[in-house]
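In what follows, a structure is listed as C-alpha cells, so that the remarks can point back to it.
Bear in mind that the values in this text are calculations on the coordinates, not laboratory data. In this text the structure is predicted, and so the values were computed from the model without any measurement. Because the Cβ atoms are built from the backbone with ideal geometry, glycine has one as well, and the counts that use them run over all protein chains shown.
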C-alpha cells in the first residue's frame with residue numbers, strides 16, 4: 001500500500017515521463033506521432049497481402065478462410081511485442097535513468113510503471129487498427145473482445161515481474177542484458193505466433209505447454225479474435241500463479257537491492 005501511495009503521489013511525474021518518451025521517440029520526425037499508426041498499418045498490410053494472399057498460408061481447419069492467417073499472425077505479433085517490449089525496456093530502465101536516480105529522491109518503482117504504460121498505449125493503438133480491419137472484413141469478435149483484459153493482466157504481470165528482476169540484476173551483472181536478448185529471440189520462435197501449435201508433434205506440444213507460459217496466453221488471444229470465443233480459463237491458472245509469484249519476486253529483489261543501486265550505477 002505504501003508503494004501505491006507513493007506512485008499516486010508521483011502521478012504527474014509518471015504522466016510527464018510517458019509524454020517525454022513519446023516525444024523523444026519521434027523527435028525530428030516530420031510525421032511525428034503518425035508513425036504510431038503507419039507502422040502497425042504497414043504490418044497489417046504486409047501480413048495480409050504476403051502471408052495470406054501471396055504465400056497462401058493457411059491454418060488447419062480454416063483452409064477456406066482467406067483472412068484467418070492474417071488475423072492469427074497480427075494478433076500474435078502485437079501481443080508478443082507488448083510482452084517482450086516491457087521485458088527488453090526494463091533491462092536498462094535503471095541504467096538509462098542513472099543520473100536522475102543519483103540526483104533526485106523519487107520512487108524508483110515509477111520507472112516500470114512508465115514502461116508498462118507506454119507499452120500499453122502502443123498496444124491499444126495497434127489493437128484499434130486491427131479492430132478497424134476486422135470490422136471492415138466483418139470479423140470483429142464483438143463483446144468477446146473484453147476477454148483480453150484478464151489475458152493482459154496475466155501476461156503483463158509476468159512481463160513486469162521478469163522485467164523488475166532482470167532490470168535490477170542487470171545493474172550488477174551486465175551480461176544479463178545481452179543474454180536476455182538472445183533468450184527472447186528463442187522464446188519468440190518457441191511460441192505459436194508464426195505457426196499454429198497444431199502442426200507440432202505431440203511430444204513437443206506437451207513440452208511447450210508445460211514450460212512456455214506464453215503458449216496458452218497467445219492461444220487465448222487467437223481464440224478471441226479468430227473464433228470470437230472466450231479462452232478456456234482453466235488452461236491459464238498456472239500462468240496466473242506465475243504472474244503473482246514473479247511480481248512478488250520482482251518487487252522483493254528490487255526492494256532488497258534498491259539501496260545498493262546508486263553505488264553501481
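What's the FRET efficiency of residue 135 with residue 42 using the Cβ-Cβ distance as r and R₀ = 25 Å, to the nearest 0.05? Mind showing how you got there, number by number?
On the way: r = 19 Å, r/R0 = 0.77.
It comes out at approximately 0.85.
Can you grab the distance from the C-alpha centre of region 111-170 to the C-alpha centre of region 209-243, Å, no decimals?
When both Cα centres are located, 14 Å separates them.
Within a 10 angstrom radius of the beta carbon, how do 66, 178 rank from fewest other beta carbons to most?
178, 66
Would you compute, for the Cα atoms of region 62-264, the largest minus smallest coordinate along each principal axis and list the three values in descending order, in whole Å?
That gives 61, 38, 27 Å along the principal axes, largest extent first.
How would you order 132-145, 154-167, 75-88, 203-216 from highest to lowest mean count of nearby Cβ atoms within 10 Å? List each step's numbers first, then the result.
On the way: 132-145: 13.5, 154-167: 23.7, 75-88: 21.9, 203-216: 15.3.
So the order, starting with the most tightly packed, is 154-167, 75-88, 203-216, 132-145.
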